[in-house]
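Have a look at the structure below before the remarks.
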Amino acid sequence: MPKPTPLTDQVVTVAFNPGEDADWFSAAEKVNKLLNANGTPARRFHVRHRSLIGWFTRFFSYYLVDTARKIGAITMAAGGRKSRLDLNGGAAKAANEAILRWRAWHTHIVGTTPNARTWEDFLAQHTADPKKVSLAEARRRFEQQPRILAMLAYSGGHTFDPYELSVYQAGEATYAGLHWRIAIVGDMLITTDGRLLKPTSDSIADRFRFLNEACTYLRSLKPSARLCAVTIA
């Protein structure tokens, strides 16, 4: 199914069994094998600092991949042992940011523009009769709506993705729920046994189904399992 050009690159989370080589090279190999794509490390995981012992471990990068530091302490990483990654903290931060973004959208976009039809509606027109409605024409019709133009034109400190309109319109909790899941999983997930999990279509419903499955899978991994996030263009 044709998809809109994403506003950001896609992120693939790669999972490794405990004790398995889980460096950047190994993650890149798995991504290339399954997706025929090259990528770069994505420093998107918050690093957990436990009380007491955390005062020492925050300065050491063992069990972590491609770290970023702030005043000497490691704060972000592209991956590492699950027990060292603060997945819950990252999800909470993403949810809070999404709530602020949704509320800004509700105030500045909903309050000033009429309702708009979602991208899925226009994509269905193209899918039903590609000769009558090309993909380019479907995008043109979608993006010429006043609400979509207002989302693209907004410059008040937030970026509104018009292709997420159906999630925005589903309410604050649904919108935040999408983004805290994305913060943990990304856009695709490669399991420890080499399976590729991804949405079965471009619909938001299928995206939620994938994210729920991937989050459940990550929760099932042992604390000593390792993760690595890879960005692909």
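The values are calculated or read from the model by the stated rules, or taken from the named source; none is laboratory data. All values derive from a computational prediction rather than experimental measurement. In this analysis, Cβ positions are derived from the backbone assuming ideal geometry, glycine residues included, and neighbour counts consider all displayed protein chains.
Rundown of residues vs (1) among the polar types (S, T, N, Q); (2) at positive phi; (3) touching a Ser or Thr at 6+ places or on another chain (Cβ under 7 Å), yes/no style:
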| site | (1), (2), (3) |
| --- | --- |
| His106 | no, no, no |
| Thr112 | yes, no, no |
| Asn115 | yes, no, no |
| Thr118 | yes, no, yes |
| Asp129 | no, no, no |
| Arg140 | no, no, no |
| Gln145 | yes, no, no |
| Leu149 | no, no, no |
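Quick check on this structure: which one of Gly157, Gly194 is surrounded by fewer than 17 Cβ atoms within 10 Å (Cβ to Cβ), assigned by TED's automatic domain parsing to the domain that holds Asn115, of a type outside the set (A, V, I, L, M, F, W, C) and in contact (Cβ under 8 Å) with a residue 12 or more places away in the chain?
One residue alone meets the criteria, Gly157.
Modelled with pLDDT of 95 or more and over 27 Å from His46 (Cα atoms): is that true of Arg141 in this structure?
yes
Looking for whichever is more than 23 Å from the chain's Cα centre (by Cα) and surrounded by fewer than 18 Cβ atoms within 10 Å (Cβ to Cβ) here; the options are Ala124, Ala116, Ala150. Which one fits? Steps first, please.
Values: Ala116 fails: surrounded by fewer than 18 Cβ atoms within 10 Å (Cβ to Cβ); Ala150 fails: surrounded by fewer than 18 Cβ atoms within 10 Å (Cβ to Cβ).
Exactly one of Ala124, Ala116, Ala150 is more than 23 Å from the chain's Cα centre (by Cα) and surrounded by fewer than 18 Cβ atoms within 10 Å (Cβ to Cβ), namely Ala124.
Out of the residues in region 127-147 that are surrounded by 17 or more Cβ atoms within 10 Å (Cβ to Cβ) and hydrophobic (A, V, I, L, M, F, W, C), which is nearest to the chain's Cα centre (by Cα)?
Taking the candidates together, the pick is Phe142.
Quick one: would you say Ala77 is in contact with a Leu (Cβ under 6 Å, 6 or more places away or on another chain) and either modelled with pLDDT under 60 or in the same structural domain as Ala15 (by TED's automatic domain parsing) (or both)?
yes
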